[in-house]
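For reference, the structure discussed in these notes is given below.
The values are calculated or read from the model by the stated rules, or taken from the named source; none is laboratory data. Since the model is a prediction, treat every value here as computed from it, not as a measurement. Backbone-built Cβ (ideal geometry, glycine too); neighbour counts: all protein chains shown. Areas reflect the complete protein model, heavy atoms only, side chains present, ligands, DNA and RNA absent. Shrake-Rupley method; radii C 1.70, N 1.55, O 1.52, S 1.80 Å.
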Amino acid sequence: GGIITQTPKFLIGQEGQKLTLKCQQNFNHDTMYWYRQDSGKGLRLIYYSITENDLQKGDLSEGYDASREKKSSFSLTVTSAQKNEMAVFLCASSMGAGTGQLYFGEGSKLTVL
Amino acid sequence: GDSVTQTEGLVTVTEGLPVKLNCTYQTTYLTIAFFWYVQYLNEAPQVLLKSSTDNKRTEHQGFHATLHKSSSSFHLQKSSAQLSDSALYYCALTPGNTGKLIFGLGTTLQVQP
């Protein structure tokens, strides 16, 4: 089996701050994803990367940057944190694009003061 | 665009009674795969069921679902709900080989004694 590790688990930031979340997977999966989870809004796709060196925008990419440093890691940056923002960011990976079978990390919870 | 609709935000059922969670979708792709993901409290989402074959029943852990392309639906059912089934359930669609997994808003299932 494998595991997806997200760091940090909890992140507190200030309004306007640039904040970075990191994700590592040891499944040797090609495709990685970042989703945002808000209560009542489901899971919304921010960015995904089909293979190393690839980057694709999801429906919620505005206000975020992403970087696929290597096959096993995928980072997400909140470019300017919004005051009173609270959300959970979920990283996931899958064997390949189109399989739909995602393995998720436990999430990083962001709070902006 | 592609979308997934879960009409109920909360479903409450008494233990031992049947339960049905609704899911419909819209897509222009002919090749699709459908999933139900379950997220228990303080855990990561995980796959519960998967289907890509029209009119074929898929079962796992007592739950079952059938993809009906004629009505664009993939409802989740169980004949006898258990207290341990209480969780957040997401319906999700992979359209073609886009690499995306599009989630619905989620339905919280509460099973009461």
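Within segment B:39-83, track down each residue that is among the aliphatic types (A, V, I, L, M) and farther than 23 Å from B:GLY96 by Cα.
Once the filter is applied, which keeps residues that are among the aliphatic types (A, V, I, L, M) and farther than 23 Å from B:GLY96 by Cα, segment B:39-83 yields B:LEU41, B:ALA44, B:ALA81, B:LEU83.
Can you find a residue that is assigned to a loop (DSSP other than H, G, I, E, B), farther than 25 Å from A:LYS41 by Cβ, touching a Leu at 6+ places or on another chain (Cβ under 8 Å) and touching a residue at least 12 places away in the same chain (Cβ under 8 Å) anywhere in segment B:5-24?
Checking segment B:5-24: at least one residue is assigned to a loop (DSSP other than H, G, I, E, B), farther than 25 Å from A:LYS41 by Cβ, touching a Leu at 6+ places or on another chain (Cβ under 8 Å) and touching a residue at least 12 places away in the same chain (Cβ under 8 Å).
Please go through segment B:26-53 and give me each residue that is more than 10 Å from the chain's Cα centre (by Cα) and part of a strand (DSSP E or B), ordered by number.
Hits for segment B:26-53 are B:GLN26, B:ILE32, B:ALA33, B:GLN39, B:GLN46, B:SER51.
Output the strands (runs of 3 or more DSSP E) that fall wholly within segment B:57-113 and possess 1 or more residues being of a type in the set (Val, Ile, Thr) and open to solvent by less than 40 Å² (accessible area, probe 1.4 Å), or say none.
Passing ranges, in order: B:57-60, B:63-66, B:87-95, B:107-112.
Just to be sure I understand, how many residues within segment B:1-51 are open to solvent by 10 Å² or more (accessible area, probe 1.4 Å), touching a Cys at 6+ places or on another chain (Cβ under 8 Å) and under 14 Å from B:THR108 (Cβ atoms)?
1
It is to be established whether one or more residues within segment A:31-51 are more than 10 Å from chain B (Cβ to nearest Cβ), over 24 Å from B:LEU88 (Cβ atoms) and not polar (S, T, N, Q).
no
Hey, among the residues in segment A:81-98 that are open to solvent by less than 50 Å² (accessible area, probe 1.4 Å), touching a residue at least 60 places away in the same chain (Cβ under 8 Å) and over 12 Å from the mean Cα position of the chain (by Cα), which one's nearest to the other protein chains (Cβ to nearest Cβ)?
Applying the filter and picking the extreme gives A:ALA97.
Would you please name the residue that is nearest to A:SER61 (Cα to Cα), looking only at residues in segment A:27-36 that are touching a Gly at 6+ places or on another chain (Cβ under 7 Å) and open to solvent by 30 Å² or more (accessible area, probe 1.4 Å)?
It comes out as A:ASP30.
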